[in-house]
1. Inside the range 154-173, can you point out the residues that are farther than 19 Å from residue 275 by Cα and within 16 Å of the ligand (Cβ to nearest atom)?
2. Scan the range 28-49 for residues that are more than 15 Å from the ligand (Cβ to nearest atom) and touching a strand residue (DSSP E or B) at 6+ places or on another chain (Cβ under 7 Å) and jot them down.
3. Could you list, in sequence order, all residues of the range 97-110 that are surrounded by 21 or more Cβ atoms within 10 Å (Cβ to Cβ) and away from the ligand (no atom under 16 Å from the Cβ)?
4. Please work out if residue 450 is modelled with pLDDT under 70, surrounded by fewer than 18 Cβ atoms within 10 Å (Cβ to Cβ) and under 25 Å from the mean Cα position of the chain (by Cα).
5. Kindly indicate the residue of the range 113-137 that is in contact with a helix residue (DSSP H, G or I) (Cβ under 6 Å, 6 or more places away or on another chain) and within 16 Å of residue 38 (Cβ to Cβ) and also farthest from the ligand (Cβ to nearest atom) among those meeting that condition.
6. Before we move on, is residue 73 away from the ligand (no atom under 16 Å from the Cβ) and either at pLDDT 90 or above or farther than 21 Å from residue 182 by Cβ (or both)?
7. Residue 194: touching a helix residue (DSSP H, G or I) at 6+ places or on another chain (Cβ under 6 Å) and more than 16 Å from the ligand (Cβ to nearest atom), yes or no?
8. Looking only at the range 138-153, which residues are within 16 Å of the ligand (Cβ to nearest atom) and closer than 19 Å to residue 275 by Cα?
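The values are calculated or read from the model by the stated rules, or taken from the named source; none is laboratory data. Because the structure is predicted, anything quoted here is derived from the model rather than measured. Ideal geometry is used to build each Cβ from the backbone, glycine not excepted, and the neighbour counts take in all protein chains shown.
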Ligand SMILES: [Mg+2]
């Protein structure tokens, strides 16, 4: 059975209720021919024409991106300039400008954020959102996806098209975004899995690069049907690691924990919001402002979807100088186990004083970074003020050395989510009427726009009666960043 092509409304003529388990949890947005589309946006005279972006002008280099018109002629990333000129003598060659593409990437992020909070930014031309509550219902998820496409066109430019994938986990959402190009919209529902993946090539799986493919071929696996025929144990043996177990479950629409075991689908386990800071905001104060805003949005969303959180994790990534990255590498102890690190240079170091794991990692962009993370647990709640106090307390725990002066990524994740109807009635009175005040905030912000009310100064610091928060240290989750 083919995956649902969601660009035509498959729900319009079908009034059967979607089975309860058939829900999407992630939306993955992948810009089509991103660099080339940016050039066509900036230069209207390049639109609808074959164009290639090259690192330097000269016959010996290769394309780093090709426009859809060039792709139609067989020109793609990696095609040599001399070959391109043979195929299409009139091809427009543009020298790439990473600063411009990074700026457009930020504008796209902001446009998506206007529709649905961004959970992950896997790369310069991808954005992922996590869905909660009723957003997970297929018709509503589809509408969110269509609104994202429109927001990008309206806010950033008409040449910027994207393919969107919707699926029960991040891994499949990325796969779905790759199944229809350009301007695609594909949904993979749990009831269609794994058979909707049968026609893929092994190389279509994120993380399966040339090296991994060779390994699979050596072990006799050359097609998706062969891979999907393996049981969990077979997948574990094939990869000789817990990644086999994870992949087994991901391809079937499950979510998995660190040990590869599936996580219960009954309860959504966490909700994440994150933001990559623009270069001008990469300071402790800039990062705090972003964290504050992310928290405000996350809390409002919890209330909209009638949920409470009992845990908050904060992750910060810091840009490092070359010297800082080199000295951290010198203390490397353990290699990253993921098969997804093919092109990435990963090292890890252990700070014995603070007991936290952090890694130095190099982006495709050349940015070297380290990270820090911590989790706080508390009595489940949904009001902005208690959650903000928790965030402040977490924020105060972060290390403040020379390596932590250029934060460029902030992520906040709420977990231990429960429906608000299951929240234990608190034994204490709500002294500030925090719940009521939060709901008033929501009403005002929904009516007048999300930035109407800022609450930084609204609540006096309550040093006298701080919320009781238990801290747990969590390792920075680079090992799980498979995209
Ligand atoms: Mg892309």
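1. Once the filter is applied, which keeps residues that are farther than 19 Å from residue 275 by Cα and within 16 Å of the ligand (Cβ to nearest atom), the range 154-173 yields 157, 159, 160, 161, 162, 163, 164, 165, 173.
2. 46, 49
3. none
4. yes
5. By that ranking, first place goes to 127.
6. yes
7. When the stated conditions are applied, residue 194 passes them.
8. 148, 152
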